[in-house]
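Q: I'd like to ask some things about the structure below.
The values are calculated or read from the model by the stated rules, or taken from the named source; none is laboratory data. All values reported here derive from a predicted model rather than from experimental measurement. Glycine gets a Cβ as well: all are built from the backbone with ideal geometry, and neighbour counts include every protein chain shown. For accessibility, only protein heavy atoms count, side chains too; no ligands or nucleic acids. Shrake-Rupley method; radii C 1.70, N 1.55, O 1.52, S 1.80 Å.
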Amino acid sequence: MEHTATFERYQKRASRLLELRQKYGLPGDALSKYISRMDHFQVVAPLIGEFSTGKSSLVNALLGRSVLSVNITPETAVPTEICYSSDEHAVVFGSNGGTETISVDEFQKREFSVDKVKKVQLYLNNAFLREISSVKLVDMPGFNSGIELHSRAIDEYLPDAEAYILLFSARSSTISSDMAGFLKELHLHGMPVFLLISKSRAVTEDELRICVERIRADAAKYLGLADVPVGVTNAKGHEQIIEPLQDDLRRIEADSQNIFRNDAKSRLQQHGSDLALYLETAIKRADLTPDELSGKIEEAKRKIESLKGKLHDAGSSFSSEVDECIAVARSRLQSALGNAAPSLADMLANHIDIRDRVSMLVRETVMSSIKNDFAPRVKKYRERIAGLINVTLNINTDVSLPEDLVRMDNMTKEVIKKALPAILSTLGFALSGAVGAVVVLALTSLLDGLLMKKHQDEKKRLAEAKIRNEVIPRVLEQASSSVRDALNSQLSEINEEVGKEAQAQVDAEEKALSDLRLKNANEKANRAESIDAMKKDLDEVRRIMGDAD
């Protein structure tokens, strides 16, 4: 299989690079850990749909056996990750962090509580799953089961997701506000989305046509996609139609190979850069005297100390930009909540809990601000510190990692794809308590016996006043605090990574010089042979780092 060949090709290159690092005494633990994880590389494809859209039935049809229960409730619905394995079993991940391995038969008999189980991994010996072995299909709980599950679908699975597959029932004539919000959020993430319609044989041809047209219109409205393909499926009855789901998963499998390939190339560059610098330094400085080598070592130490100061100043300068990002996000959130105040007041006046609606507004606004304001600044910051590293360390090698703009683009994407869900997850926890307390107080006031007798317009006026004077200020306070903590944490991670990259470069140069100084004078006769060997190894390292498929 093509994906097997891709994995084996990069595993071979990474293993050879590890051998070369070990040969010259450079650290290899990080590369060794990466090699051990290469076999387990997968991207996830969450299958999202509201309750009763037939997700589990469709997956069962795909598998050719009834493995997933179709009679679950919001209380017993947990994410089920479905993967290929010749050894069939299930792993239950408890909310307390523990795991339990059980048989597939036991999995089918059990009911899982969302309070006690975080997710289940289901490994099945299935021909189609083997064909898409780089994909982890996730049967998510029904989407109309609350904002918490909505958040889980994004926050926990977005970092590794290659695409989301959204399923709509042909029997449904409208898209819920929850699903509409989810579509908008995926659009902001730039996440590929595949659209499917289930239960196509449960409606007439005209009803199915109207449903397809509606889904296409909503895709254009919420995802910015025109003429998006909409697959039509059917899991029950005499006519099963599962080919559209199979086709979508095959596309995701193909894309997963590109993701793996790009990640592997980046890793090889990362772990080969300092080795290349080590070899270049050893080759160039082979004729220096011990005193001259000692001087070069001291020079390397001075360079890293100088660089640390410059990086600290750059980080301090960028931290002020973080404050600007927080101010922008706060302003946009205040405007969004203010504009929504009348509709939120309507909900309160009618005894409808506004927490999910407020949380969704916060998610959308904060995500948009970070994507459009913070992420571009991160890229520019990375470019600035890359220049500092190269100028200060005077690195002339043509394989210097910090100059790799591809990695900078990857770093920017990581801010959106990895840091952002963490921010949103933090916001969810922060807002649930703060907003919850205010909303409960608001509802209590509105349910007061005297207020119940007031005119509906007066109830709305009082509700809106409470939202503007109590709910919005509290939400802004909590949201700003959460965003500040998350962005500062992200900045610290970036600076730490940069520092490690720079230190690795200097350490490699210093080690090369030290190794040369320790060589015995009697080895002079073998110096030419040693240099020739290093040149050959350097050429091999460059090929590993720059090899195209």
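Q: Kindly indicate which of ARG384, ARG332 is charged (D, E, K, R) and buried (at least 16 other Cβ atoms within 10 Å of the Cβ).
A: Details: ARG384 fails: buried (at least 16 other Cβ atoms within 10 Å of the Cβ).
Exactly one residue qualifies, and that residue is ARG332.
Q: To continue, here is another question. Could you look through region 341-366, keep only residues that are among the hydrophobic types (A, V, I, L, M, F, W, C) and open to solvent by 10 Å² or more (accessible area, probe 1.4 Å), and pick out the one that is nearest to the chain's Cα centre (by Cα)?
A: In the first step, residues of region 341-366 are kept if they are among the hydrophobic types (A, V, I, L, M, F, W, C); the result is 341, 344-345, 347-349, 352, 354, 358, 360-362, 366.
This time we only want the ones that are open to solvent by 10 Å² or more (accessible area, probe 1.4 Å), so: 347, 352, 360-361.
On the way: MET347: 34, ILE352: 33, MET360: 19, LEU361: 21 Å.
Selected residue: MET360.
Q: Within region 94-109, can one find any residue that is in a strand (DSSP E or B), surrounded by 14 or more Cβ atoms within 10 Å (Cβ to Cβ) and modelled with pLDDT of 95 or more?
A: The answer is yes; a qualifying residue exists.
Q: In region 356-390, what residues are out of contact with any Lys or Arg (no Cβ under 6 Å at 6 or more places or on another chain) and among the hydroxyl-bearing types (Ser, Thr, Tyr)? Full working, then the answer.
A: First pass over region 356-390, keeping only residues out of contact with any Lys or Arg (no Cβ under 6 Å at 6 or more places or on another chain): 356-364, 366-368, 370-387, 389-390.
Correct list: SER359, SER368, TYR381.
Q: Do we find that LEU268 is farther than 30 Å from ARG16 by Cβ and open to solvent by less than 20 Å² (accessible area, probe 1.4 Å) in this structure? Steps first, answer last, please.
A: Working: farther than 30 Å from ARG16 by Cβ: no; open to solvent by less than 20 Å² (accessible area, probe 1.4 Å): yes.
In short, no.
Q: For region 27-66, which residues satisfy the criterion of being touching a helix residue (DSSP H, G or I) at 6+ places or on another chain (Cβ under 6 Å), assigned to a loop (DSSP other than H, G, I, E, B) and among the hydrophobic types (A, V, I, L, M, F, W, C)?
A: PHE41, the sole residue that qualifies.
Q: For region 28-70, what are the residues that are closer than 21 Å to LYS265 by Cα, without any contact (Cβ under 8 Å) to a residue 40 or more places away in the chain and not small (Gly, Ala, Ser)?
A: Answer for region 28-70, where residues must be closer than 21 Å to LYS265 by Cα, without any contact (Cβ under 8 Å) to a residue 40 or more places away in the chain and not small (Gly, Ala, Ser): ASP29, LYS33, ILE35, ARG37, ASP39, HIS40.
Q: Here's a check for you: in region 283-312, which residue that is of a type in the set (S, T, N, Q) and over 21 Å from VAL498 (Cβ atoms) is farthest from the chain's Cα centre (by Cα)? Before the answer, list the steps.
A: Let us first name the residues in region 283-312 that are of a type in the set (S, T, N, Q), namely 289, 294, 306.
Remaining after also requiring over 21 Å from VAL498 (Cβ atoms): 289, 294.
On the way: THR289: 51, SER294: 46 Å.
Out of the qualifying residues, it is THR289.
Q: Among what's in region 219-241 and is under 13 Å from LEU58 (Cβ atoms), outside any strand (DSSP E or B) and among the small types (Gly, Ala, Ser), pick the residue that is modelled with the lowest pLDDT.
A: At the first step, the residues of region 219-241 found to be under 13 Å from LEU58 (Cβ atoms) are 231-237, 240-241.
From what is left, the residues that are outside any strand (DSSP E or B) are 233, 235-237, 240.
With the extra rule that they be among the small types (Gly, Ala, Ser), the set shrinks to 235, 237.
Working: ALA235: 91, GLY237: 75.
It comes out as GLY237.
Q: For region 245-254, which residues satisfy the criterion of being surrounded by fewer than 17 Cβ atoms within 10 Å (Cβ to Cβ) and acidic (Asp, Glu)?
A: Correct list: ASP247 only.
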